Amino acid sequence: MSALDRQMPPVRYATSGEVQVAYYESGPRVGTPVIFCHGFPELAFSWRHQLTAFEAAGRWAVAPDQRGYGLTTRPDAVEAYDIEALTGDMAALLDTLGVEKGIFCGHDWGGIVVWQMALRYPDRVAGVIGVNTPFMPRAPADPIAIMRRRFGEDMYIVNFQKPGEADAVLAEDVARTISFFMRRPLADAPPSSGGLSGGGDGSSAPESTFALLKALQAWDPSVDLRETFLTDDETAAFVETFQRTGFTGGINWYRNFTRNWERSAAIVDHVSVPSLMVMAEKDAVLPPSAADGMETWAPDLDRALIAGSGHWTQQEKPTEVNRVILEWMDKRFPK
């Protein structure tokens, strides 16, 4: 039995076209399920604390391994990972669960998916919860061009556009990669603007190039003062999975930024359902300031700040995150 199997409910599968979506389910099948969508480089396993808490609270919770991750199918074609496919998988998951609507909760890239669910499948979405990831309206130009101009070629999202390069670097030593990512911010680290302090047109000078691959290659764990938030068994669950799958599936999501932008011109940026924005005080990539002005596009919005948390909020501060989400559920979606 793998480390993941020891800590998660039994895996189940939904069919979305040619893709088999693995998912894990907890709590009673009553009311509206919350669908927890993970980011990069994560898994459904990233929501283990939420599955446990929701079950204890008598709430229905579902966490899928999204397309390209874990036990879910990993198509070869890059365009198979565009936002149409990713949101289509979540609609197919609702079909398998036998429900009309879900409440979608997403972190990191999963946050982009859940906000897009509200735009692309409004009849299937009862509510949206963004964890760290705010609603992002359609950019005024190709987002990769904006990021390249503002942050340079080494910025990780720009760098990810190169076929095979990031895939190989991250997979060279999976245990090292996971250890590099899955750490808390330093206790005295100041809140970050995430490089978002300038204009979105790419005209301002960068605060950081976010040169992820260079940082990983230069990283010396012996002098890294950041603490991990994973137990040895939890670390093993991530490492064993990504050793088997590699990172290409998740990286392919990033390789569709331009395609997603090109194909979304006709979509109206408006979220009409109740929404919750859970912000992390010390997320260096998606800071609380990234959510400024969100009410413009999501007018029925509640907010909560998780003090002291870095990027991996639902894993770093599970008690606080569970409390915030369950209290919001009780207010907006009472049993």
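The values are calculated or read from the model by the stated rules, or taken from the named source; none is laboratory data. Note that the structure is predicted; figures quoted are calculated from it, not measured. FYI the Cβ positions are ideal-geometry reconstructions off the backbone, even for glycines, and counts take in every protein chain you see.
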Restricting the search to the range 45-102, which residues are surrounded by fewer than 24 Cβ atoms within 10 Å (Cβ to Cβ) and basic (Lys, Arg)?
Arg48, Arg74, Lys101
Starting from residues that are part of a helix (DSSP H, G or I) and touching a Leu at 6+ places or on another chain (Cβ under 6 Å), keep the ones in the range 103-152 and report whichever is surrounded by the fewest Cβ atoms within 10 Å (Cβ to Cβ).
Arg124
With respect to Thr73, determine if the residue is touching a strand residue (DSSP E or B) at 6+ places or on another chain (Cβ under 8 Å), at pLDDT 95 or above and hydroxyl-bearing (Ser, Thr, Tyr).
yes
What strands (runs of 3 or more DSSP E) completely inside the range 1-45 contain at least 2 residues that are at pLDDT 95 or above, on the phi < 0 side of the Ramachandran plot and of a type in the set (S, T, N, Q)?
11-16, 19-26
Just the residues that are without any contact (Cβ under 8 Å) to a residue 60 or more places away in the chain, more than 21 Å from the chain's Cα centre (by Cα) and closer than 23 Å to Gly293 by Cα, please, taken from the range 112-159.
Ile146, Arg150
Only one of Lys282, Lys335, Lys331 is in contact with a Gly (Cβ under 7 Å, 6 or more places away or on another chain) and either farther than 25 Å from Ser179 by Cβ or without any contact (Cβ under 8 Å) to a residue 12 or more places away in the chain (or both); which?
Lys335
Scanning for something part of a helix (DSSP H, G or I), more than 15 Å from the chain's Cα centre (by Cα) and either without any contact (Cβ under 8 Å) to a residue 40 or more places away in the chain or closer than 22 Å to Leu212 by Cβ (or both), does the range 92-102 turn up at least one residue?
no
List pairs: first in the range 160-173 and closer than 9 Å to Gly246 by Cα, second at pLDDT 95 or above and aromatic (Phe, Trp, Tyr), Cβ under 6 Å, 6+ apart or cross-chain?
Asp167/Phe247; Leu170/Phe247; Ala171/Phe247
